[in-house]
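Chemist: Shown below is the structure under consideration.
The values are calculated or read from the model by the stated rules, or taken from the named source; none is laboratory data. Small disclaimer: the values here were computed from a predicted structure and weren't measured. Please note: Cβ atoms are built from the backbone with ideal geometry, for glycine as well, and neighbour counts cover all protein chains shown. Surface areas here come from the heavy atoms of the whole protein model, side chains and all, with no ligands, DNA or RNA. Shrake-Rupley method; radii C 1.70, N 1.55, O 1.52, S 1.80 Å.
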Amino acid sequence: MISGILSSLSRLSIGNVQGTGRTFTTNTLPLYFNATQILCGEPLKKKKRIDPAILKRRFERKTRKLQKEIRRLERVKKTPKPILELQVPREIFTEKKLRIRNLPKIKEEVTAERKEIKDKWAHYKLLEYRKDMDTIQSILYSQEKALNALREESEELYQEAIQLDPVCLPYKISGATVTPAIVDYDIPDGDYTDITKKYEGE
C-alpha cells in the first residue's frame, strides 16, 4: 500500500507554487520531494542622501574641465603645423620691392599672333599623332596577317616566330651579385640624435 502511494506520488508534479518563492517537485530519486532556493528578490539598498550643494559643485567642476579642454583644442586648431620646406626666408620679404619686375604690357597684335602659333602647333601635333597611330595599326595588322598565314602552314614555325628574339632585345650583366665581406672590418659605432620637432597638438 505504501509502495502504491509512493509510486502515485512519483508521477505527481506540482509546479508554479510561488507562495514563498519556491517550487516543489517530485521525482523517482531517493529524495522524492525537492524544493528550489528562495527566489525572492533582495531589497534595494537605501540611497544615501547627498547635499545638493555638493552635487552642484561636482557639476560645475566637470563643466569647467570640459570648457578648458574645448579652449585648448580651439587654440591648437588655430596654429597649423609649419612646413619647413615652404617657409620663405625673412630677407626675401625685405627685398620684396627690389625683386618686383615692371614688365612692359604686351600688345594685342603680339597676343593674337602667339595664340595663332599655339593653335597651329596643336593642330600639327594632332596630325602627327594620328599619322603615328595609323602607322602602328598598319604594322600590327600586317604582323597578325602574316602570323595567321604562317600558322596555317606550320604550327611549329608559328610557335618559333612568336618567341622573343634575344638579338632584338640584348641584355647583358656582369659583376658580383653579392658584395663580399671585408675581412677584419671594424664597424664604427655611430651616434643618433633625433631632431624631429614636436608641435602642440600632435
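Listed here are the residues, each with its yes/no results for (1) under 30 Å from residue 70 (Cβ atoms); (2) among the β-branched types (Val, Ile, Thr); (3) outside any helix (DSSP H, G or I).
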{"residue": "145", "(1), (2), (3)": "no, no, no"}
{"residue": "167", "(1), (2), (3)": "no, yes, yes"}
{"residue": "179", "(1), (2), (3)": "no, yes, yes"}
{"residue": "191", "(1), (2), (3)": "no, no, yes"}
{"residue": "198", "(1), (2), (3)": "yes, no, yes"}
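Chemist: Right, next: Considering every residue within region 177-193, establish whether at least one is under 30 Å from residue 74 (Cα atoms) and out of contact with any strand residue (DSSP E or B) (no Cβ under 9 Å at 6 or more places or on another chain). Before the answer, list the steps.
Modeler: First, the residues of region 177-193 that are under 30 Å from residue 74 (Cα atoms): none.
Checked region 177-193: no residue is under 30 Å from residue 74 (Cα atoms) and out of contact with any strand residue (DSSP E or B) (no Cβ under 9 Å at 6 or more places or on another chain).
Chemist: Within region 81-126, count every residue that is open to solvent by 100 Å² or more (accessible area, probe 1.4 Å), touching a helix residue (DSSP H, G or I) at 6+ places or on another chain (Cβ under 9 Å) and closer than 30 Å to residue 196 by Cα.
Modeler: So the answer is 0.
One line per residue, one yes/no per condition, for (1) in contact with a Ser or Thr (Cβ under 9 Å, 6 or more places away or on another chain); (2) charged (D, E, K, R):
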{"site": "151", "(1), (2)": "no, yes"}
{"site": "155", "(1), (2)": "no, yes"}
{"site": "163", "(1), (2)": "no, no"}
{"site": "192", "(1), (2)": "no, no"}
{"site": "199", "(1), (2)": "yes, no"}
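Chemist: Right, here's the next one. Just one of 158, 171 is of a type in the set (Phe, Trp, Tyr), modelled with pLDDT under 95, over 30 Å from residue 197 (Cα atoms) and open to solvent by less than 90 Å² (accessible area, probe 1.4 Å); which is it?
Modeler: On the way: 171 fails: open to solvent by less than 90 Å² (accessible area, probe 1.4 Å).
Just one listed residue meets the conditions, 158.
Chemist: Here's a follow-up. Against the definition (open to solvent by less than 100 Å² (accessible area, probe 1.4 Å), farther than 30 Å from residue 69 by Cα, aromatic (Phe, Trp, Tyr) and outside any loop (DSSP other than H, G, I, E, B)), how does residue 129 come out, yes or no? Full working, then the answer.
Modeler: Working: open to solvent by less than 100 Å² (accessible area, probe 1.4 Å): no; farther than 30 Å from residue 69 by Cα: yes; aromatic (Phe, Trp, Tyr): yes; outside any loop (DSSP other than H, G, I, E, B): yes.
No.
Chemist: Let me ask another. Of all residues in region 85-102, which are in a loop (DSSP other than H, G, I, E, B), of a type in the set (A, V, I, L, M, F, W, C) and modelled with pLDDT of 85 or more? Don't jump to the end; show me each part of the working.
Modeler: First, the residues of region 85-102 that are in a loop (DSSP other than H, G, I, E, B): 87-89, 95, 100-102.
Then keep just the ones that are of a type in the set (A, V, I, L, M, F, W, C); that gives 88, 100.
Residue satisfying the conditions is 100 alone.
Chemist: Okay, moving on. Is it fair to say residue 74 is under 30 Å from residue 196 (Cα atoms) and either polar (S, T, N, Q) or open to solvent by 90 Å² or more (accessible area, probe 1.4 Å) (or both)? Step through it out loud before you land on a result.
Modeler: Values: under 30 Å from residue 196 (Cα atoms): yes; either polar (S, T, N, Q) or open to solvent by 90 Å² or more (accessible area, probe 1.4 Å) (or both): yes.
Yes: the conditions hold for residue 74.
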